[in-house]
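The values are calculated or read from the model by the stated rules, or taken from the named source; none is laboratory data. Values in this document were obtained by computation on a predicted structure and should not be read as measured data. All Cβ positions, glycine included, derive from the backbone under ideal geometry; neighbour counts span all protein chains shown.
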Amino acid sequence: MQDTERAHLATEGVGYLEMRDYDKARWAYEQSHPASPFMQWLRTAGNVTFAVEDIRVDSGTSPGIPIPATKLAHDEITRISAELNKWPGVDEAAHDKFGASLLLDLGREVGTAMARWPMEDKPRRIRELMCGECEQFTLTVRPPRFEGDHSIVTCTCGYRMTMEEFEQLVDMFKKEDDDRKRKTLADARRSRRKSA
Ligand SMILES: [Zn+2]
């Protein structure tokens with residue numbers, strides 16, 4: 001008797017989604033909230049390491065400027081989740097063909113992102129940026145501990161930075177680096193022209 005019931009529930013599903021996909025979509029929907037710890041982590045995670053494998057060039061929008069793959073995943077999840085806002089909730093979206101396909105996309109994107117970049121539970125030292133207050137390389141970044149937790153960068157001197165301030169700093173750092181490279185290139189061209 002119980003077995004028949006289970007088999008029946010498993011094939012039932014919600015709207016256009018099989019139960020397994022529906023469950024995954026519900027989970028992904030929760031995770032994709034902008035204030036969720038995972039989304040906050042994803043937004044800045046790539047900025048923390050500056051590791052080569054985390055950097056990818058998005059030639060579509062900004063040629064030559066490296067964007068961390070974590071940030072691209074964050075933006076893609078945000079885009080899908082914004083489209084899903086057309087429906088009041090997961091169940092309503094699941095009953096619409098397009099909504100259901102968006103839910104499948106969301107489940108896949110969030111699942112992949114979480115597998116590729118699991119949230120680190122330990123604070124990590126930032127070696128590339130100096131503390132704005134004590135000018136030592138003593139900044140550490142830690143993942144958000146709860147929903148809406150904004151202060152993620154701290155220093156031993158007591159200095160704290162919000163995620164937004166940290167992003168601005170990283171942008172500045174990248175822009176300076178970019179300008180430096182451009183200047184070096186221009187200098188090289190000039191000296192080549194002089195010698196020619
Ligand atoms: Zn400091």
Residues that are surrounded by 14 or more Cβ atoms within 10 Å (Cβ to Cβ) and over 16 Å from Q40 (Cβ atoms), drawn from the range 141-156: C155
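How about the range 129-182: which of its residues are within 16 Å of the ligand (Cβ to nearest atom), assigned to a loop (DSSP other than H, G, I, E, B) and of a type in the set (F, W, Y)? Before the answer, list the steps.
Here is the first cut: in the range 129-182, the residues within 16 Å of the ligand (Cβ to nearest atom) are 129-142, 151-162, 165-166, 169.
From the residues that got through so far, the ones that are assigned to a loop (DSSP other than H, G, I, E, B) too are 129-138, 142, 156-159.
Residues satisfying the conditions are F137, Y159.
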Looking at R190, R127, which is the one that is modelled with pLDDT under 85, among the charged types (D, E, K, R), in contact with a Phe, Trp or Tyr (Cβ under 8 Å, 6 or more places away or on another chain) and not assigned by TED's automatic domain parsing to the domain that holds S32? R127
Of the residues in the range 111-139 that are surrounded by 12 or more Cβ atoms within 10 Å (Cβ to Cβ) and in contact with a Ser or Thr (Cβ under 6 Å, 6 or more places away or on another chain), the one that is nearest to F38 (Cα to Cα) is W117
